[in-house]
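Colleague: Would you mind keeping the following structure in view while I ask a few things?
The values are calculated or read from the model by the stated rules, or taken from the named source; none is laboratory data. Given the structure is predicted, the values throughout are model-derived calculations rather than measurements. Glycine gets a Cβ as well: all are built from the backbone with ideal geometry, and neighbour counts include every protein chain shown.
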Ligand code: GUN
C-alpha cells in the first residue's frame, strides 16, 4: 500500500466500540430479568462468500451475548419450505430477529421471502414496510450496511448538513436506503448508477462519495474533489498483482484516492465490520421492540 495523503477511517475500531456498547446493553437487559436477544440466521445453499458472512455474523452475536439460531439448508430447499420456516420464526416468541442471507438460489423469489418476514423481526431492514418507513422518515429497521456508512460519516465529519453526497449504486441493500438516510441527515444527495452519463464529473463535485457498485477499483483518484470523504462499500475478489492467489479490493482505486481524499475507508476493514455491528444493534432493537410489544397490543403489524 502506498503512503496516503488522507486519513484512513478505521471501521474495525469504530465497530469494536459499537459492539462493546451493545454487549453492555445486553448485560443490562439481562440483569433486569430479560432473556438474551435472539437472532435466527437462515442460510440456503453453499455460496462461499455467504458462508463467511454468516460465520462472522454468528461469531459477533456470540461475543455480544446475543443468542444466534442457525438454519442451514441445501440449495434444493423449496420456496414453500423456506416460507414455512420464515412463518415459524415469525410466530416464535423466542426469536427477536430474522436474517435470511442473500443471495438465495435462483429458483427462490427473493422479494417474496423478504416480504414474508415480519417487519418487526426484519433486522436487515429489507421488508417493504421498513423500506417505506425509512423513505418517509419514520422509525423502523434500517439496512445494516447503509447504517454503518452513516455512522462512519458522522463520526468522521460530525454534522453533514448541506454536504454534497454522491451515492454510486441504486441497490435496495445499499444505494437506495443510504440515499434516504443521507437526505434525513440533511445532505444534498445525488444517486448515480450504471446509466449515469458522466460519473467522473458527478464525483468531482461531491464532498462525500459512497461507492456501492461491485466493480473493482472503478472510482479513480483523479475523479475526486481534493479533501473529499470516501466510503467504499465494495468487496471484490481479484487476482493479486503477482498473479499468485487473490485479494479483496473495493470499488475505489484506494492508493490513488487516498492521495486526494481527506478521509477514506479501506477494504477490508472499513464498512464490512460496521455492517456486522449494525446487525447486532438492530437485533437488540428488535428485542426491545418485542418486550415493549408485550404491553402494547395496538401495533399495526401484530405478530
Ligand atoms: N448479502 C449481502 N449483504 C447482505 C445483507 O446485508 N444481509 C443479508 N441478509 N444478505 C446480504
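Colleague: When you check residue 97 against the structure, is it over 17 Å from the mean Cα position of the chain (by Cα) and under 29 Å from residue 154 (Cβ atoms), yes or no? Full working, then the answer.
Modeller: Values: over 17 Å from the mean Cα position of the chain (by Cα): no; under 29 Å from residue 154 (Cβ atoms): yes.
The answer is no for residue 97.
Colleague: Being away from the ligand (no atom under 16 Å from the Cβ) and without any contact (Cβ under 8 Å) to a residue 40 or more places away in the chain is the filter here, so list the residues in the range 147-179 that pass it.
Modeller: 154, 158, 159, 161, 162, 179 - these are the residues of the range 147-179 that are away from the ligand (no atom under 16 Å from the Cβ) and without any contact (Cβ under 8 Å) to a residue 40 or more places away in the chain.
Colleague: Now, a different point. Of all residues being more than 13 Å from the ligand (Cβ to nearest atom) and under 21 Å from residue 290 (Cα atoms) in the range 104-120, which is surrounded by the fewest Cβ atoms within 10 Å (Cβ to Cβ)? Just the residue, please.
Modeller: 115
Colleague: Would you confirm, using the coordinates I've provided, whether residue 93 is more than 14 Å from the ligand (Cβ to nearest atom), in a loop (DSSP other than H, G, I, E, B) and over 30 Å from residue 189 (Cβ atoms)? First the steps, then the outcome.
Modeller: Working: more than 14 Å from the ligand (Cβ to nearest atom): yes; in a loop (DSSP other than H, G, I, E, B): yes; over 30 Å from residue 189 (Cβ atoms): yes.
Against the criterion (more than 14 Å from the ligand (Cβ to nearest atom), in a loop (DSSP other than H, G, I, E, B) and over 30 Å from residue 189 (Cβ atoms)), residue 93 qualifies.
Colleague: Residue under question is residue 199, and the condition is that it be farther than 27 Å from residue 127 by Cβ and in contact with a helix residue (DSSP H, G or I) (Cβ under 9 Å, 6 or more places away or on another chain); does it hold? Even if it seems obvious, please write down each step before you answer.
Modeller: Working: farther than 27 Å from residue 127 by Cβ: yes; in contact with a helix residue (DSSP H, G or I) (Cβ under 9 Å, 6 or more places away or on another chain): yes.
Considered against the rule, which asks whether it is farther than 27 Å from residue 127 by Cβ and in contact with a helix residue (DSSP H, G or I) (Cβ under 9 Å, 6 or more places away or on another chain), residue 199 comes out as yes.
Colleague: Next question, about the same structure. Return the pairs, sorted by first residue and then second, in which the second residue is not in a helix (DSSP H, G or I), the first residue lies in the range 11-29 and is modelled with pLDDT of 95 or more, the beta carbons are less than 6 Å apart, and the residues are 6+ apart or on different chains.
Modeller: Pairs that qualify, where the first residue is modelled with pLDDT of 95 or more and the partner is not in a helix (DSSP H, G or I), are 11/265; 11/269; 11/270; 12/269; 23/65; 26/65.
Colleague: Now a separate question. In the range 50-62, what residues are in contact with a strand residue (DSSP E or B) (Cβ under 8 Å, 6 or more places away or on another chain) and surrounded by 15 or more Cβ atoms within 10 Å (Cβ to Cβ)? Give the derivation first.
Modeller: To start, the set of residues in the range 50-62 that are in contact with a strand residue (DSSP E or B) (Cβ under 8 Å, 6 or more places away or on another chain) comprises 50-51, 54, 57-58, 61-62.
If the condition is that a residue be in contact with a strand residue (DSSP E or B) (Cβ under 8 Å, 6 or more places away or on another chain) and surrounded by 15 or more Cβ atoms within 10 Å (Cβ to Cβ), then 50, 54, 57, 58, 61 are the ones that fit.
Colleague: Restricting attention to the range 64-83, does a residue exist that is away from the ligand (no atom under 14 Å from the Cβ), within 17 Å of residue 275 (Cβ to Cβ) and buried (at least 20 other Cβ atoms within 10 Å of the Cβ)?
Modeller: yes
Colleague: Are any residues in the range 63-83 touching a strand residue (DSSP E or B) at 6+ places or on another chain (Cβ under 7 Å) and either in contact (Cβ under 8 Å) with a residue 40 or more places away in the chain or closer than 20 Å to residue 95 by Cα (or both), and if so, which ones?
Modeller: Within the range 63-83, 66, 67, 68, 69, 70, 71, 72, 73, 82 qualify.
Colleague: Name, by its number, the condition in (1) surrounded by 14 or more Cβ atoms within 10 Å (Cβ to Cβ); (2) within 16 Å of the ligand (Cβ to nearest atom); (3) touching a residue at least 24 places away in the same chain (Cβ under 8 Å) that does not hold for residue 130.
Modeller: (3)
Colleague: Return the total of residues in the range 135-144 being within 16 Å of the ligand (Cβ to nearest atom) and surrounded by fewer than 24 Cβ atoms within 10 Å (Cβ to Cβ).
Modeller: Taking the range 135-144 as the starting set, the residues that turn out to be within 16 Å of the ligand (Cβ to nearest atom) are 140-144.
Now drop any that are not surrounded by fewer than 24 Cβ atoms within 10 Å (Cβ to Cβ), which leaves 140.
Qualifying residue count for the region: 1.
Colleague: Residues that are free of Cβ contacts under 8 Å to residues at least 60 places away in the same chain: list the strands (runs of 3 or more DSSP E) wholly contained in the range 187-292 that include at least 3 such residues. Steps first, please.
Modeller: Working: elements: 188-192, 208-211, 229-232, 236-239, 246-249.
Ranges flagged: 188-192, 208-211, 236-239, 246-249.
Colleague: Evaluate the following for residue 33: is it more than 30 Å from residue 246 (Cβ to Cβ) and over 17 Å from the mean Cα position of the chain (by Cα)?
Modeller: Working: more than 30 Å from residue 246 (Cβ to Cβ): yes; over 17 Å from the mean Cα position of the chain (by Cα): yes.
Against the criterion (more than 30 Å from residue 246 (Cβ to Cβ) and over 17 Å from the mean Cα position of the chain (by Cα)), residue 33 qualifies.
Colleague: If a residue must be away from the ligand (no atom under 14 Å from the Cβ), touching a residue at least 40 places away in the same chain (Cβ under 8 Å) and more than 17 Å from residue 96 (Cα to Cα), how many such residues does the range 30-62 contain?
Modeller: 0
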